[in-house]
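Below: one structure, written as structure tokens.
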Amino acid sequence: MTRTLILGCDAALRRTGLALLSCDLNHPTEGQVIHSGIISTNERHNRANRLRDLHDQMGAFLDVIGLFSDRTDFAAVEAPGPWARAHGKSSQMTVEALAQARAVILLALAQHGIAAMEVTTSRAKQSVAGPHATKETVQKQLKLLGLYDGGDPDIADAVTVALAGAGVQYQDAILSRAARTPARYIKIRRKEQ
């Protein structure tokens, strides 16, 4: 069984949740969170300084998880889906701040040589409790799986994003193998007429 290390990121300018999940892609919910943390920025600072602080703290976090392992296979970063972007209750400034925070997180990951994917909020929730589940339902399910101790909700969100990333990687691996399978080995059933 090959273990995969996935960094889940619930990116935001005020508080970013991070969780490093070690799992087998065939059974990601049987994995374990080996390190987690929160990055906070000072709301009294201007946005440019907060983004710089987010970048610096993210780099430091990535350095720390480098001590646990010589590699992190990939990162999954939460991204709002199309419905949330079009109908979100947030102000335009909040949407911009969130997009900028995600960009800074993606930059830090790239600088550390970690491939990243973006996972929508609904896909992240679906990986644990269904696409329309409440945060409380997701947290309860993570507790049942032993992946969340009931602490900071931003860490629960990060674990959920990591699980969704594992699901995407698993699906991609299956599709990749199917694409490499020679046609003579694929049985095609035709309707008898």
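Round to a whole angstrom and tell me the spacing of the C-alpha centers of region 27-76 and region 91-107.
Cα centroid to Cα centroid, the span is 16 Å.
For residue 143, go through the aspartates and glutamates and keep the ones whose alpha-carbon is under 20 Å away, minus same-chain ones fewer than eight residues off.
Cα-Cα hits under 20 Å: 10, 24, 30, 152, 154, 157.
Distance from a point 7 Å along Cα→Cβ of residue 96 to each backbone N in region 19-48: keep the residues under 16 Å and list them by number.
Once the point is set 7 Å along Cα→Cβ of residue 96, 46-48 turn out to lie under 16 Å by backbone N, inside region 19-48.
Net charge near residue 137, counting Lys/Arg +1 and Asp/Glu -1 over other residues with Cβ under 14 Å of its Cβ? The partial results should precede the final answer.
On the way: positive: 125, 135, 140, 143; negative: 136, 157.
Around residue 137, the charge tally is +2.
Would you mind classifying region 9-157 by shape? Square roots of the alpha carbon gyration tensor eigenvalues, ordered a ≥ b ≥ c; an a/c under 1.5 is rounded, otherwise it is prolate if a/b is larger than b/c and oblate if not. The partial results should precede the final answer.
Values: a/c = 1.69, a/b = 1.12, b/c = 1.50.
Oblate shape, in that a/c is at least 1.5 and b/c is the bigger or equal ratio.
The numbers here are math on the coordinates, done by the rules we state, and not lab data. Small disclaimer: the values here were computed from a predicted structure and weren't measured. A quick note on method: Cβ atoms are made from the backbone with ideal geometry, for glycine too, and the neighbour counts reach across all protein chains shown.
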